[in-house]
Amino acid sequence: GVPNEGKTVTILCKASNNLVLDESERSLHDALCVLRCLVKKRFLTPGGGAPEMRLSYELSKWADSLLGMHSYCVRAFAEAMEVVPYTLAENAGLDAIHVVTELRNKHAEGEKAAGINVRKGKVTNILEENVLVPLLVHTSAVSLATECVRLILKIDDIVITR
């Protein structure tokens with residue numbers, strides 16, 4: 001062992017060309033961001049679009065109990081949450097409409113951990129597949145998207161500011 005082992009690490013990346021080196025740098029940066037998210041909030045959630053689909057399902061149920069403009073807004077937000085699993089399926093080369101419909105049905109049946117398994121090309125229990133994402137990734141994405149929409153609506157004078 002090394003006496004007085006420090007907590008600093010140096011990572012040396014070597015590649016055959018700059019393109020590969022740049023890609024390895026991006027991958028390393030992504031991995032470090034995941035670690036940072038885990039340090040800030042030590043919770044893991046299912047991946048594969050499962051949290052977004054669950055949020056969409058619960059918001060849709062809530063929208064059914066609301067009236068008027070509130071119902072419309074909540075339903076639109078619920079539909080917007082389905083963009084994440086749709087994009088994931090599309091980027092994986094799957095039939096996005098079919099996969100998202102299957103995912104929506106699984107969540108309606110109560111399978112909260114149902115997500116898109118891009119390796120198998122179908123909807124599975126994503127927790128059993130060990131596809132996990134730091135909670136901070138999901139909460140940050142939803143918060144930032146919501147703030148962006150609110151800003152746009154304020155600019156268009158659709159939402160009256162208090």
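So, counting K/R as plus one and D/E as minus one, what does the shell of residues with Cβ under 14 Å around Leu59 add up to?
Residues close to Leu59 contribute a combined charge of -1.
Cα atoms only, the stretch 41-162: Rg and Dmax in Å?
My reading of the Cα-based Rg and Dmax gives 15.5, 49 Å.
Classify the stretch 41-97 as rounded, prolate or oblate from the Cα gyration tensor: take a ≥ b ≥ c as the square roots of its eigenvalues, call it rounded if a/c is under 1.5, otherwise prolate when a/b beats b/c and oblate if not.
oblate
Express the carbon and sulfur contribution to the solvent-accessible surface of the chain as a percent, rounded to the nearest whole number, probe 1.4 angstrom.
Carbon with sulfur: 59 percent of the solvent-accessible area.
With unit charges on the beta carbons (Lys and Arg positive, Asp and Glu negative) and the dipole taken about the Cα centre of the chain, which residue among Phe43, Val133, Thr87 sits farthest to the positive side?
Comparing the listed Cα positions along the dipole, Phe43 ranks first.
By accessible area of protein heavy atoms, probe 1.4 Å, what ranking do Val133, Val34 get, highest first?
If we order Val133, Val34 from most to least accessible, we get Val34, Val133.
Take Leu132, Leu59 and sort them by solvent-accessible surface of the protein heavy atoms, 1.4 Å probe, largest at the top.
Highest to lowest solvent-accessible surface, that is Leu132, Leu59.
How far is it, in nm, from the label point at Ser65 to the one at Arg26 when both lie 7 Å from their Cα along the line to the Cβ?
4.4
Which value in nm describes the separation of the simple spin-label points at Leu151 and Val34, placed 7 Å from the Cα toward the beta carbon?
So the two model labels end up 2.8 nm from each other.
Provide the per residue accessible area, probe 1.4 Å, for the stretch 93-162, rounded to a whole number of square angstrom.
Result: 70 Å² per residue.
By how many nm would the segment from Leu12 to Glu129 grow when fully extended, if each residue of separation counts as 0.36 nm and the alpha-carbon distance is taken off?
Roughly 39.0 nm would be gained on extension.
Classify the stretch 1-66 as rounded, prolate or oblate from the Cα gyration tensor: take a ≥ b ≥ c as the square roots of its eigenvalues, call it rounded if a/c is under 1.5, otherwise prolate when a/b beats b/c and oblate if not.
In terms of gyration-tensor shape, oblate.
Below 8 Å between Cα atoms, with a sequence gap of 6+, how large is the relative contact order for the stretch 16-162 in percent?
It comes to 28 percent, rounded to a whole number.
Take peptides 81-94, 19-32 and line them up by average Cβ neighbours within 10 Å, highest first, as a rough protection proxy.
Highest-to-lowest ranking by the protection proxy: 81-94, 19-32.
Which angle between 0 and 90 degrees, to the nearest 10, do you get for helix 50-65 versus the longest principal axis of the chain when only C-alpha atoms count?
Once rounded, the angle reads 20 degrees.
Contour minus end-to-end for Asp95 and Phe43, with contour as 0.36 nm per residue of separation and end-to-end as the Cα-Cα distance?
Going from the current span to full extension adds 15.6 nm.
The values are calculated or read from the model by the stated rules, or taken from the named source; none is laboratory data. Remember, predicted model here, so these are calculated numbers, not experimental data. Methodologically, a virtual Cβ is constructed for each residue, glycine included, from the backbone with ideal geometry; neighbour enumeration extends over all protein chains shown. Keep in mind that these areas ignore ligands, DNA and RNA; they rest on the heavy atoms of the full protein, side chains included. Shrake-Rupley method; radii C 1.70, N 1.55, O 1.52, S 1.80 Å.
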